[in-house]
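Enquirer: First, the structure itself, so that you have it in front of you.
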Amino acid sequence: EAGVAQSPRYKIIEKRQSVAFWCNPISGHATLYWYQQILGQGPKLLIQFQNNGVVDDSQLPKDRFSAERLKGVDSTLKIQPAKLEDSAVYLCASSIQGSSGKLFFGSGTQLSVL
Amino acid sequence: SQQGEEDPQALSIQEGENATMNCSYKTSINNLQWYRQNSGRGLVHLILIRSNEREKHSGRLRVTLDTSKKSSSLLITASRAADTASYFCAREGPGANNLFFGTGTRLTVIP
């Protein structure tokens, strides 16, 4: 079974630039999550999709972050414009049920904002 | 905040020894999960324990849950160098559809 695919693996940008991350979840997984993990901390949920609908985006900084999951399969997360404090690993995860179930994570995109 | 704390933040042991990590939380839960993260990689699910369970085993892993104390522990027996990683607990609360992760314990197993 193929895992959660993310790209790019690494990204370096200057502050105020834009960046986009892509995620392809495991086939058949209806729920998709984007997490932000700052160095030395645990992952923090940014947004959760159930199929192509948003379930929870309460912790997404909507003035600069946006995400979409067209057709309920793959998803993109965008930051525009980036700030220094956005430097982190952005993890995508998917699950079958969406609650009371385990999450499968991708390897993440490491973002450095200079 | 629904995020809790793992304790200790870092743990260094010799290969063959047992490693115990603790997780505390503040609100009621549906279940609690433990994940492992190798350096530079994503998280891997280890074990899930539901709020009505007290103990669960999986291979060399043993997880306990005490809902009265709002705490959980992860025991890795007969540790190996390959167990070196960060370990996170994640809590799912009632009515919640997502997981809240703690700050993690960094485990180093010395060969």
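Enquirer: Could you check how many residues of segment B:10-43 are within 14 Å of residue B:101 (Cα to Cα) and open to solvent by 70 Å² or more (accessible area, probe 1.4 Å)?
Expert: Total satisfying the criteria: 1.
Enquirer: So which residues in segment B:81-111 are assigned to a loop (DSSP other than H, G, I, E, B), out of contact with any strand residue (DSSP E or B) (no Cβ under 6 Å at 6 or more places or on another chain) and away from every other protein chain (no Cβ under 14 Å)?
Expert: B:111
Enquirer: With the checklist (1) surrounded by 15 or more Cβ atoms within 10 Å (Cβ to Cβ); (2) small (Gly, Ala, Ser); (3) more than 14 Å from chain B (Cβ to nearest Cβ); (4) out of contact with any Cys (no Cβ under 8 Å at 6 or more places or on another chain) in hand, flag the one item residue A:75 doesn't pass.
Expert: With respect to (1) surrounded by 15 or more Cβ atoms within 10 Å (Cβ to Cβ); (2) small (Gly, Ala, Ser); (3) more than 14 Å from chain B (Cβ to nearest Cβ); (4) out of contact with any Cys (no Cβ under 8 Å at 6 or more places or on another chain), residue A:75 is out only on (4).
Enquirer: If you scan segment B:57-79, which residues turn out to be exposed (fewer than 14 other Cβ atoms within 10 Å of the Cβ) and touching a Gly at 6+ places or on another chain (Cβ under 8 Å)?
Expert: Matches in segment B:57-79: B:78 only.
Quick grid of which residues meet (1) without any contact (Cβ under 8 Å) to a residue 40 or more places away in the chain; (2) within 14 Å of chain A (Cβ to nearest Cβ); (3) part of a strand (DSSP E or B):
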| site | (1), (2), (3) |
| --- | --- |
| B:16 | no, no, no |
| B:23 | no, yes, yes |
| B:27 | no, no, no |
| B:44 | yes, yes, yes |
| B:47 | yes, yes, yes |
| B:53 | yes, yes, no |
| B:62 | yes, no, yes |
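Enquirer: Only one of (1) away from chain B (no Cβ under 12 Å); (2) open to solvent by less than 30 Å² (accessible area, probe 1.4 Å) fails for residue A:30. Which number is that?
Expert: (1)
Enquirer: On to the next question. Could you go through segment A:10-21 and let me know if any residue there is under 10 Å from the mean Cα position of the chain (by Cα), assigned to a strand (DSSP E or B) and among the aromatic types (Phe, Trp, Tyr).
Expert: So far as segment A:10-21 goes, yes, one or more of its residues are under 10 Å from the mean Cα position of the chain (by Cα), assigned to a strand (DSSP E or B) and among the aromatic types (Phe, Trp, Tyr).
Enquirer: Test of understanding: among A:48, A:59, A:41, which residue is within 11 Å of chain B (Cβ to nearest Cβ) and buried (at least 17 other Cβ atoms within 10 Å of the Cβ)?
Expert: Within the list A:48, A:59, A:41, the selection yields A:48.
Enquirer: Further, regarding this structure: Keeping to segment A:78-94, report how many residues are over 14 Å from the mean Cα position of the chain (by Cα) and surrounded by 20 or more Cβ atoms within 10 Å (Cβ to Cβ).
Expert: Total satisfying the criteria: 1.
Enquirer: Sort through B:38, B:18, B:22, B:31 and tell me the only one that's over 13 Å from the mean Cα position of the chain (by Cα), more than 15 Å from residue A:43 (Cα to Cα) and not acidic (Asp, Glu).
Expert: B:18
Enquirer: I'd like the full set of residues that are touching a Leu at 6+ places or on another chain (Cβ under 8 Å) and either within 12 Å of chain B (Cβ to nearest Cβ) or buried (at least 17 other Cβ atoms within 10 Å of the Cβ) (or both), limited to segment A:12-27.
Expert: Passing the criteria: A:13, A:19, A:21, A:23, A:25.
Enquirer: For segment B:80-102, give me the residue count where each residue is open to solvent by less than 50 Å² (accessible area, probe 1.4 Å) and within 24 Å of residue B:28 (Cβ to Cβ).
Expert: Qualifying residue count, segment B:80-102: 13.
The values are calculated or read from the model by the stated rules, or taken from the named source; none is laboratory data. Given the structure is predicted, the values throughout are model-derived calculations rather than measurements. Every residue, glycine among them, receives a Cβ derived from its backbone with ideal geometry; neighbour counts consider all protein chains shown. These accessible areas exclude ligands, DNA and RNA; they are computed on the full protein's heavy atoms, side chains included. Shrake-Rupley method; radii C 1.70, N 1.55, O 1.52, S 1.80 Å.
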